[in-house]
Amino acid sequence: MFSLHSALPARRGLLYVALAATAWGTAGAAAALLFRQSGLGPLALTFWRSLGGAAVLLAVRVGRGGGRSGPAPVRILFNGLGLTLFQAAYFLAVRHTGLAVATVVTLGSAPVMVALGGRLLMGERLGRAGVSAIAGALLGLAVLVLGGGADAGVEPRGLAWALASAAGYAAITVATRHWARTGAADDPAVTTLWSFAICAVCLAPFGYAEGLLPTAHALPSTLLLLGYLATVPTALAYALYFAGAAVIRAATASVVALIEPLSATVIAAAVLDEPLTPSALLGTAVLLLSVVALARAELRAA
């Protein structure tokens, strides 16, 4: 189990965010498979993901005998609403414009929003290394999107949902860093538990209107995919992310999280039969180099 100590080293914080981003990259692929066979819509799927993630974290918390008290109500509500927007809008983007475009547009625009928020709210300076790394990351994402040919075209409605998802992601990233600076550190597992509980409550009526029950077709594999979605890219990944984001700069966390499109691209090729074009490989390489450069800058600053 990961450390919950408030003095988490920056190196371990970077590792936690990188692991979380890698796990997130599998969520879009799981959602794409579920859209094909389960009959669930984006909002119903987000509801089950949130409810399942909260249940897993609650079981872990009970199993280890509780722990620290939960975060302040304001933080619970803010994180819950931010996660609701981030997740629901992302799955809507996947439904309307495809896995690859939804992932790269969401995670490509997020660093710009996070950098602006970190600068305005916390006075974080990016420096030349940070600016160069973000520019390189956005360049890599542009190559990933534009290199796919006609199949990578961005549908306007899907693009709008991807940008909304990025705004939710940026909000919780900046807020997590801000609260870690100004108050006592919270147990990231508890923070994540409460956040997903709020998310499930917010989405319950919308999921009900969309249809909460999956179809009987391929029900065993649907339940397995839902279980995986609730556990690895949800309960585990978000707890790791909140722990890591509390000890590294907000802009750094957002760029390191760009590993998600890398893992999503690999999974799309291996599972969803989406080919890896030379342009996709080039964009992936540029993106990865940018992540490594910013991680090194963060470690030097620490």
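Here, each number is a calculation from the coordinates, and none is a lab measurement. All figures in this text were calculated on a predicted structure; none of them were measured in a lab. Heads up, the Cβs are rebuilt from the backbone with ideal geometry, glycines too, and the neighbour counts pull from every protein chain shown.
Assorted remarks:
- Karplus-derived HN-Hα couplings along segment 85-94 (A = 6.51, B = -1.76, C = 1.60, θ = phi - 60°), whole Hz, x at Gly and Pro: 5, 4, 6, 5, 5, 5, 5, 5, 5, 4
- With neighbour counts taken as other beta-carbon atoms within 10 Å, the residues Ile76, Ile259 rank, fewest first, as Ile76, Ile259.
- Long-range HN-HN contacts of Gly39 with modeled amide H, under 5 Å: Thr215
- Look at Thr106, Thr252 and count the other Cβ atoms within 10 Å of each Cβ; fewest to most, that gives Thr106, Thr252.
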